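The values are calculated or read from the model by the stated rules, or taken from the named source; none is laboratory data. All of these numbers come straight from a predicted model, not from anything done at the bench. For neighbour counting, all protein chains shown are included, and Cβ atoms are generated from backbone atoms with ideal geometry for every residue, glycine included.
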Amino acid sequence: MATIKEIKHRRNSIESTRQITKAMKLVATVKLQKTKEEAENAIPYFETMYETMVNILEKTNNVDHKYLSKNKTGKTAIIVISSDRGLAGGYNSNIVREFEKSVLENNLKKEDILIYSIGAKVRDALSRKGYKIEEDLSGMLNTPGFDEAYSVSNVLLKAFIEGKISSIYILYTFFKNTVVHIPRFLKLLPIVEENREKAEERAFNSNKKAKYEVRKSQFENSNAIMNYEPNDEEILDLLVPKYITAIVYGAITSAIASENGARMTAMDNATNNADELIEELGIQYNRARQGAITQELTEIIAGANAI
């Protein structure tokens, strides 16, 4: 059985840890309020942009454009968004697991993958697993903005045009609510039929699903040819960068909100666990103290009787 001194030392240590986890929970809660609002404001725009561009680009098979080539030979670029810090429960590990799962499902080879990492945790994890980190963009998490997302899209589209990469994917954590965060793996370019199927599968929530089915039905029943004014070259030059930028920005805002939600939940659980441990140690401390007092009294009485 542990001594009174050992129990007291351990209880003080846990109380100090509890103060830290409680403070981190409060900080994460404050940050979550702001990032949650930003994510909820951005999600409708960037998801509608994704669906719209999938519909448009699927109807432009007869257009020869630098952003629409499906027969390019090159490596696969994957934007992976995690966090720069830990203590967020399973947030970062879920991203790594989803990455490995998606790589297998899409038959992607490790040597053909270029990682554009946004977040130090996923950068370090995938680097240890042997993946090539083409560019580290972790600084974007400090001041995420549309301009930063635009610069990322420019880098990727330039590599796509030059033939360095033949496809672009993004992996991020979708913020559904404070406690539910869903890793998502999307293919951004080139657009193929599977993009529509995945957009349908996602059916982001029950309210949106009905609207999405109506739009999908109307679009599929239309036999109209996709016409561009002034011409397809200028329109796609304008739309595709905006499309990639919108997806990247929306994914970053959603990922940051998910990170803060995960950290708030993890620190709340840690604080509750610390409270339980402190209570248990308090009981052990009292028992040890009572045992010590009883032993002292027994020794005094035994000594008195001996005299």
Name the single residue, out of those in the range 178-188 being touching a residue at least 12 places away in the same chain (Cβ under 8 Å) and not in a strand (DSSP E or B), that is nearest to SER254 (Cα to Cα).
-> THR178
Number of positions in the range 276-294 that are within 18 Å of ILE20 (Cβ to Cβ), surrounded by 12 or more Cβ atoms within 10 Å (Cβ to Cβ) and either touching a His at 6+ places or on another chain (Cβ under 8 Å) or free of Cβ contacts under 8 Å to residues at least 24 places away in the same chain (or both) | 0
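Yes/no per residue for (1) in contact with a Cys (Cβ under 6 Å, 6 or more places away or on another chain); (2) of a type in the set (Ser, Thr, Tyr); (3) modelled with pLDDT under 90; (4) surrounded by fewer than 13 Cβ atoms within 10 Å (Cβ to Cβ):
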{"position": "GLN19", "(1), (2), (3), (4)": "no, no, no, yes"}
{"position": "THR29", "(1), (2), (3), (4)": "no, yes, no, no"}
{"position": "GLU37", "(1), (2), (3), (4)": "no, no, yes, yes"}
{"position": "THR52", "(1), (2), (3), (4)": "no, yes, yes, no"}
{"position": "ASN61", "(1), (2), (3), (4)": "no, no, yes, yes"}
{"position": "LYS72", "(1), (2), (3), (4)": "no, no, yes, no"}
{"position": "ILE79", "(1), (2), (3), (4)": "no, no, no, no"}
{"position": "ASN106", "(1), (2), (3), (4)": "no, no, yes, no"}
{"position": "ILE113", "(1), (2), (3), (4)": "no, no, no, no"}
Picking from ARG85, ARG97, ARG123, which residue would you name as being crowded, with 19+ Cβ neighbours inside 10 Å, assigned by TED's automatic domain parsing to the domain that holds PRO183, out of contact with any Leu (no Cβ under 8 Å at 6 or more places or on another chain) and not small (Gly, Ala, Ser)?
-> ARG123
Examine the range 33-50 for a residue that is hydrophobic (A, V, I, L, M, F, W, C), out of contact with any His (no Cβ under 6 Å at 6 or more places or on another chain) and under 30 Å from LEU277 (Cβ atoms), and state whether such a residue exists.
-> no
Selected residue (only one of ASP112, ASP124, ASP136 is under 25 Å from THR73 (Cβ atoms) and of a type in the set (Asp, Glu)) | ASP112
So which pairs qualify, if the first residue must be in the range 132-157 and hydroxyl-bearing (Ser, Thr, Tyr), the second must be assigned to a helix (DSSP H, G or I), the Cβ gap must be under 7 Å, and the two must be at least 6 apart or on different chains?
-> SER138/ALA120; SER138/ARG123; TYR150/THR245; SER153/PRO241; SER153/ILE244; SER153/THR245; SER153/VAL248
Quick check: anything in the range 145-168 more than 29 Å from LEU68 (Cα to Cα) and in the same structural domain as PRO241 (by TED's automatic domain parsing)?
-> no
Quick check: anything in the range 257-275 buried (at least 21 other Cβ atoms within 10 Å of the Cβ), among the aliphatic types (A, V, I, L, M) and under 22 Å from TYR45 (Cα atoms)?
-> yes
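Applying the selection to the range 152-177, what residues are touching a Phe, Trp or Tyr at 6+ places or on another chain (Cβ under 9 Å) and in a helix (DSSP H, G or I)? Before the answer, list the steps.
Within the range 152-177, the subset touching a Phe, Trp or Tyr at 6+ places or on another chain (Cβ under 9 Å) is 152-153, 155-157, 160-161, 166-174, 176.
Matches in the range 152-177: VAL152, SER153, VAL155, LEU156, LEU157, PHE160, ILE161.
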Only one residue in TYR131, TYR91 is among the aromatic types (Phe, Trp, Tyr) and farther than 29 Å from THR178 by Cβ, so which one is that?
-> TYR131
Is there a residue being of a type in the set (S, T, N, Q), under 15 Å from LEU189 (Cα atoms) and surrounded by fewer than 19 Cβ atoms within 10 Å (Cβ to Cβ) anywhere in the range 131-150?
-> no
